[in-house]
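Participant: Got a structure for you, written out below as structure tokens; questions coming shortly.
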Amino acid sequence: MRLTHATWPEVAGAPLVVVPLGSVEQHGRHLPMATDTVVAQAVAEAVVPRLDDAVLAPALAYGASGEHEGFPGTISIGTEALSALLVEYGRSAGRWAGRLLVVNGHGGNLDALRTAVPLLRAEGRDVAWFPCGVPGGDAHAGRTETSLLLHVEPGAVREALAAAGETAPISELLPRLRAEGVRAVSPDGVLGDPTGASAAEGAELLAALGDRMTAAVAGWTVDETGRLRG
């Protein structure tokens, strides 16, 4: 069930509310600004039908993307504003929802999630977040995200413009990314290599993410940062 299509009596039984969280930020020359939101939405849409008494809420499309502001099109509301938004969202949804799960598609949102979700939990609300990360995947606009978009929204991918960017491990790049932003590290905005991306690989990645999230919801084990383990 989609929250936007429901009537109030249909959501009166304290359901699990699942809300995708993404961003509006550059994803190289070949992927759309909404990539992170599209991925989070796709994972949530794949999982909600498998869950008992779950409702899919509209995606929160803006996130903390300051490291990408060197590129036109990026719109970041920052960590502080995102934290406040998540807290007020959780407090409001908590008046009628049994549990709230934020499905996060953008790594830059982590500080806000790690601030807001533990606060909500300390207030007695059963809130958690789940990351759409792929083990071993590249960091940004590389093969992982390109494959996912080729599967979920192929018409949005400019395949002819896909090219490798900075491929050094993200752990090596982080200090400079934080100090100077993505554009200083990768002029095209790509942290990875989309070469070899395919819709078939994207389908496999989405299925694995969906299975992981389904299992995590079934176990509902939440760590000290508010992350749902699974």
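The values are calculated or read from the model by the stated rules, or taken from the named source; none is laboratory data. In this text, all values refer to a predicted model and were calculated from it rather than measured experimentally. Please note: Cβ atoms are built from the backbone with ideal geometry, for glycine as well, and neighbour counts cover all protein chains shown. SASA here: full protein model, heavy atoms, side chains in, ligands and nucleic acids out. Shrake-Rupley method; radii C 1.70, N 1.55, O 1.52, S 1.80 Å.
Residue-by-condition table, conditions (1) loosely packed, with under 12 Cβ neighbours inside 10 Å; (2) without any contact (Cβ under 8 Å) to a residue 24 or more places away in the chain:
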{"position": "GLU172", "(1), (2)": "yes, yes"}
{"position": "ARG178", "(1), (2)": "yes, no"}
{"position": "GLY202", "(1), (2)": "no, no"}
{"position": "LEU205", "(1), (2)": "no, no"}
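Participant: Let me ask something else about it. Out of the stretch 63-80, which residues are in contact (Cβ under 8 Å) with a residue 40 or more places away in the chain and not aliphatic (A, V, I, L, M)?
Facilitator: Residues of the stretch 63-80 that are in contact (Cβ under 8 Å) with a residue 40 or more places away in the chain, as a first pass: 63-76.
Passing the criteria: GLY63, SER65, GLY66, GLU67, HIS68, GLU69, GLY70, PHE71, PRO72, GLY73, THR74, SER76.
Participant: Okay, next question. Being over 19 Å from LEU177 (Cβ atoms) and out of contact with any helix residue (DSSP H, G or I) (no Cβ under 8 Å at 6 or more places or on another chain) is the filter here, so list the residues in the stretch 45-71 that pass it.
Facilitator: Applying the first criterion (over 19 Å from LEU177 (Cβ atoms)) to the stretch 45-71 yields 45-62.
Selection gives GLU45, VAL48, PRO49, ASP52, ASP53.
Participant: So PRO118 ticks every box in (1) outside any helix (DSSP H, G or I); (2) open to solvent by less than 50 Å² (accessible area, probe 1.4 Å) but one. Which box is left unticked?
Facilitator: Just one mismatch for PRO118, condition (1).
Participant: Scan ARG229, ARG183, ARG158 and give me the residue that is open to solvent by 50 Å² or more (accessible area, probe 1.4 Å) and either β-branched (Val, Ile, Thr) or free of Cβ contacts under 8 Å to residues at least 60 places away in the same chain (or both).
Facilitator: Values: ARG183 fails: either β-branched (Val, Ile, Thr) or free of Cβ contacts under 8 Å to residues at least 60 places away in the same chain (or both); ARG158 fails: either β-branched (Val, Ile, Thr) or free of Cβ contacts under 8 Å to residues at least 60 places away in the same chain (or both).
Matching residue, one of ARG229, ARG183, ARG158: ARG229.
Participant: Output the number of the condition that ALA215 fails; it satisfies all remaining conditions of (1) open to solvent by 40 Å² or more (accessible area, probe 1.4 Å); (2) farther than 26 Å from SER83 by Cα; (3) assigned to a helix (DSSP H, G or I); (4) touching a residue at least 40 places away in the same chain (Cβ under 8 Å).
Facilitator: Unmet condition: (4).
Participant: Let me ask you something else. Check the stretch 188-200 and report whether any residue there is open to solvent by 40 Å² or more (accessible area, probe 1.4 Å), at pLDDT 95 or above and in a helix (DSSP H, G or I).
Facilitator: Yes: the stretch 188-200 contains one or more residues that are open to solvent by 40 Å² or more (accessible area, probe 1.4 Å), at pLDDT 95 or above and in a helix (DSSP H, G or I).
Participant: With VAL87, VAL102, VAL38 as the choices, which residue is open to solvent by less than 40 Å² (accessible area, probe 1.4 Å) and in contact with a strand residue (DSSP E or B) (Cβ under 7 Å, 6 or more places away or on another chain)? Can you show your working first?
Facilitator: Numbers: VAL87 fails: in contact with a strand residue (DSSP E or B) (Cβ under 7 Å, 6 or more places away or on another chain); VAL38 fails: in contact with a strand residue (DSSP E or B) (Cβ under 7 Å, 6 or more places away or on another chain).
Exactly one of VAL87, VAL102, VAL38 is open to solvent by less than 40 Å² (accessible area, probe 1.4 Å) and in contact with a strand residue (DSSP E or B) (Cβ under 7 Å, 6 or more places away or on another chain), namely VAL102.
Participant: Show the residue pairs meeting these rules: Cβ distance below 7 Å; 6+ apart or different chains; first residue within the stretch 126-155 and among the basic types (Lys, Arg); second residue open to solvent by 20 Å² or more (accessible area, probe 1.4 Å).
Facilitator: Filtered contacts from the stretch 126-155: ARG143/ASP193; ARG143/THR195; ARG143/GLY196; ARG143/ALA197.
Participant: Further question: In the stretch 44-57, what count of residues is obtained for those that are out of contact with any Gly (no Cβ under 6 Å at 6 or more places or on another chain), in contact (Cβ under 8 Å) with a residue 24 or more places away in the chain and either over 20 Å from PRO9 (Cβ atoms) or among the hydrophobic types (A, V, I, L, M, F, W, C) (or both)?
Facilitator: 8
Participant: Give the residues of the stretch 126-165 that are modelled with pLDDT of 95 or more, in a loop (DSSP other than H, G, I, E, B) and more than 17 Å from VAL103 (Cα to Cα), sorted by residue number.
Facilitator: The answer is ALA141, GLY142, GLU153, VAL157, ARG158, ALA162, ALA163, ALA164, GLY165.
Participant: Taking the stretch 126-154 as the region of interest, how many residues are within 12 Å of LEU31 (Cβ to Cβ) and not aliphatic (A, V, I, L, M)?
Facilitator: Step one: filter the stretch 126-154 for residues within 12 Å of LEU31 (Cβ to Cβ), giving 140-150, 152-154.
The next check asks that each one be not aliphatic (A, V, I, L, M); those that pass are 140, 142-147, 153-154.
The number of residues fulfilling the criteria is 9.
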